[in-house]
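The values are calculated or read from the model by the stated rules, or taken from the named source; none is laboratory data. What you are looking at is a predicted structure, and each value in this text was computed from that prediction instead of being measured. Glycine also receives a Cβ, built like all others from the backbone with ideal geometry; neighbour counts cover every protein chain displayed.
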Amino acid sequence: MSQPKNGDTVLLSFVGKLDNGEVFMTFEKDKPFRAILGNSDLPPTLEQEILKMKCGETRKIRVSPDEGYGPRQKELVQTIDNQRLVDSLRPKPGMIVSLKVEKDGVEQKVPATVIAVEESRVTVDYNHPLAGHNLTYDLTLLELEKHGGLQ
């Protein structure tokens, strides 16, 4: 049985957990995650380990923040004073909202997590929810599709 290479498609089942045991993502055998290796579908550390696996093999793989979603950036936590925003969205802590931001003269919508709401002020976090966390994946390589078909 051959090992995967960049460009191959893999079907994976896995459970992703934080250090505190909280599960952040699950893909079961009956609804696996499909990825093309080398397309940045997965963090580089995961791809490197998958390239060493054979079909049916299971591994526990740990991904540091620098290899995953990056470190948390304090400057991405901002307080917006906008009564109209509060009235229209009725934000609550934990809610994910889509806000318009301007970068390099281009306006785009960006997701942000509401941290606090106080009268007309909303504190939001633009960091990815998994930024700053070590991630552990219990991963099984279910199928490997090479250019010639399933292996």
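Being hydrophobic (A, V, I, L, M, F, W, C), surrounded by 11 or more Cβ atoms within 10 Å (Cβ to Cβ) and not in a strand (DSSP E or B) is the requirement here; does Leu141 meet it? No, not satisfied.
The residues of region 123-135 that are crowded, with 17+ Cβ neighbours inside 10 Å and under 30 Å from Leu37 (Cα atoms), listed by number, are Asn127, Leu130, His133, Leu135.
Of all residues assigned to region 71-90, at least one qualifies as being within 27 Å of His133 (Cβ to Cβ), in contact (Cβ under 8 Å) with a residue 40 or more places away in the chain and touching a Gly at 6+ places or on another chain (Cβ under 6 Å).
Among the strands (runs of 3 or more DSSP E) confined to region 6-122, the ones with at least 1 residues that are surrounded by 13 or more Cβ atoms within 10 Å (Cβ to Cβ), out of contact with any His (no Cβ under 9 Å at 6 or more places or on another chain) and at pLDDT 95 or above are located at 9-18, 23-27, 33-36, 58-63, 77-81, 106-118.
Taking each residue of region 24-41 that is in the same structural domain as Glu143 (by TED's automatic domain parsing) and looking for partners that are loosely packed, with under 11 Cβ neighbours inside 10 Å and at pLDDT below 95 with beta-carbon atoms closer than 7 Å, six or more apart or interchain, yields Leu37/Asn6; Gly38/Asn6.
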